[in-house]
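Derivation of every value follows stated rules applied to the coordinates shown; laboratory data play no part. The model shown is predicted, which means the values in this text are computed figures rather than measured ones. Using ideal geometry, Cβ is built from the backbone for each residue, glycine included, and neighbour counts are taken over all protein chains shown.
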Number of protein chains: 2
Amino acid sequence: MINKLVSKIQKTNAPIVVGLDPMLSYIPEHILKKAYAEFGETLEGAAEAVWQFNKEIIDKTYDLIPAVKPQIAMYEQFGIEGLKAFHKTVEYCKEKDLVVIGDIKRGDIGSTSEAYAVGHLGQVQIGNNKFRGFDEDFVTVNPYLGSDGVKPFVKVAKEEKKGLFILVKTSNPSSGEFQDRLIDGRPLYEIVGEKVAEWGADHMGDSYSYVGAVVGATYPEMGKVLRNIMPKAYILVPGYGAQGGKGADLVHFFNEDGLGAIVNSSRGIIAAYKQEAYAKFGAENFGDASRAAVEDMITDISTALNAKF
Amino acid sequence: MINKLVSKIQKTNAPIVVGLDPMLSYIPEHILKKAYAEFGETLEGAAEAVWQFNKEIIDKTYDLIPAVKPQIAMYEQFGIEGLKAFHKTVEYCKEKDLVVIGDIKRGDIGSTSEAYAVGHLGQVQIGNNKFRGFDEDFVTVNPYLGSDGVKPFVKVAKEEKKGLFILVKTSNPSSGEFQDRLIDGRPLYEIVGEKVAEWGADHMGDSYSYVGAVVGATYPEMGKVLRNIMPKAYILVPGYGAQGGKGADLVHFFNEDGLGAIVNSSRGIIAAYKQEAYAKFGAENFGDASRAAVEDMITDISTALNAKF
């Protein structure tokens, strides 16, 4: 799956991923109205609105992009109905041949981590049958519990030829509270980055490992250091756009082959129609606004990469 | 809810929580057979078996214990059907007036953390209506992303008078890989523990904070230090029994009032019928075996606490 991700990035020339993190406040009135008319102002109604919103954005962008990253929290807030919309979204994106990164940030120990891995990447054995629960291609994993927590994910990922992105240095302002603290003179995120390289050495694709890392666009200097510590790890870079990261900041996350990083934008793409730059499309044509925002993001990043490499 | 937890612990004289972490391999043949006969060897069949297994254990133990801790990974592995069984289990435990600690170990940033908090503790607004997704009383939270990740949980918990347990020092062998690393001469888990005390000061119950901590039974000396760093935090202690923790190790997690900690046992209770000590009950009466295991656990912990206080 890492090979597929790399080849799709090369084919689209777009090292980007669209974050499908729908908040109800992003969804245009006409979509909400239709969903509520059918299912009421209920969990089902909200889930239907989320699904229709996603579908339109996927339909309007899938040919430009290699991957999507649905954020499961935005679905989980609607309980079971929301998780059905998450599952439907994952399935639909795979029909469109997109690589799906489930942003689930799970992490536990031993058999519990394995249960998460089975539910999101693998197959669960029931009697003589095997079933897939959510079936993403990659998932994000929290490393706080150490190798016991991560290795069961690596095990299942290997069996399935799927991948992981481990949280290393997150994009938020307070990520330094623990992640930046110095241990023998080096920040914790570097120690975690070293472990990512170690875990990933055990599960290599053709040129990159199946075990990647999450490093926020908002910390480009740290990205440069981490790029060297984990040369074979794909870096998933959140924080572009709405959180403040810009194309020029991102070059440090890439290797000299022009590969090695994939940049996420969520609100900046899916709620593009609410920005002044794309307001001309109108709420009715929110999918076209998202497509234009994707094209602009690709140009911004290509320009920065061409200037460097 | 922390007040309710404390008063239920006092009433039952049992500072324990039963971990509802059903693996299919724990579930007796007759339960599996019946569920598969009705729903086939499918996700629905597995979910039904899990639910019937849980129900029997709850029915046989609820009057002895203050709380349960369902581990959501064990349900999530069965996809949507598994999560329905999780939801049904949460609802049923609340009907039995048990305090429900959702062991979800979520953690993200800003609006994403808030979405998790809303889905598991709070209410989501849909048009003019509000709905509860999973509706546990407490949830476990991973602190790796810092205050930005935890505070949205605290906010929702305050609105709902519900609580959190933040991972501080986990019970697994490799938990020290990051958590024990020294920062200015002190381990990371102490720094996290100080933050738990700080977050919790903002959301106090009568005698304890709504913001508690997870500290593994397998690290009693660290528990002693953390007890002092977070005097008002309830400590959720996993790792008793199957993972090797014993009653005598646990006294350090309690305050001098005999309160301040709640000890989890999962496999040791729910799969008690598989242990030699409880084999006499037979698989048919697995609920009675669980009840006997709960009684023995209460005695073990009471004996240790009486020897100390």
Per DSSP, the loop-located chymotrypsin sites (Phe, Trp or Tyr not before Pro) within the stretch B:195-290 having at most 11 other beta carbons within 10 Å are none
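Count the DSSP beta bridges whose two residues both fall in chain B, then state the antiparallel fraction as a percent rounded to the nearest 5.
Bridges in chain B that DSSP calls antiparallel: roughly 20 percent.
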With the label set 7 Å along Cα→Cβ, A:Lys158 is separated from its counterparts in the other copies, in nm and shortest first, by 4.7
Mind running the shape call on the stretch B:2-308? Use the C-alpha gyration tensor, a ≥ b ≥ c as the square roots of the eigenvalues: rounded below 1.5 for a/c, prolate if a/b tops b/c, oblate otherwise. oblate
Under a GNM of chain A (C-alpha, springs under 10 Å), which listed residue has the highest mean-square fluctuation: A:Val192, A:Val225, A:Val150? A:Val225
Within the stretch A:108-133, which residues have the backbone N less than 14 Å from the label spot 7 Å out from A:Glu91 along Cα→beta-carbon, could you tell me? A:132-133
Write down the Å³ per residue value for the convex hull defined by the alpha carbon atoms of the stretch A:93-162. 80
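Would you mind calculating the relative contact order of the stretch B:208-309 from Cα pairs under 8 angstrom and at least 6 residues apart, reporting the percent as a whole number?
24
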Quick one: label points 7 angstrom along Cα→Cβ at B:Lys55, distances to the other copies in nm, smallest first? 3.5
Pseudo-label separations to other copies for B:Glu284 - Cα-to-Cβ vector, 7 Å, nm: 7.1
Assign one of three labels to the protein assembly as shown, namely rounded, prolate or oblate, based on the Cα gyration tensor with a ≥ b ≥ c the square roots of its eigenvalues; rounded applies when a/c is under 1.5, prolate when it is not and a/b is larger than b/c, and oblate otherwise. prolate
Report relative contact order for the stretch B:62-195 in percent, whole number only (criteria: Cα-Cα under 8 Å, sequence separation at least 6). 19
Please report the spacing between the Cα centers of the stretch B:33-55 and the stretch A:1-73 in Å, no decimals. 33
How high is the relative contact order of chain B, given as a whole-number percent (alpha carbon pairs under 8 Å, six or more residues apart)? 18
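Which of the residue pairs A:Lys105/A:Lys162; A:Lys8/A:Lys34; A:Lys155/B:Lys162; B:Lys96/B:Lys169; A:Lys151/A:Lys246; B:Lys169/B:Lys246 have a Cα-Cα distance greater than 25 Å in the structure shown?
A:Lys8/A:Lys34; A:Lys155/B:Lys162; B:Lys96/B:Lys169; A:Lys151/A:Lys246
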Run down the aspartates and glutamates and flag those whose C-alpha is under 17 Å from the C-alpha of A:Lys158, throwing out any fewer than 8 positions away in its chain. A:Glu114, A:Asp135, A:Glu136, A:Asp137, A:Asp148, A:Glu198, A:Asp202, A:Asp206
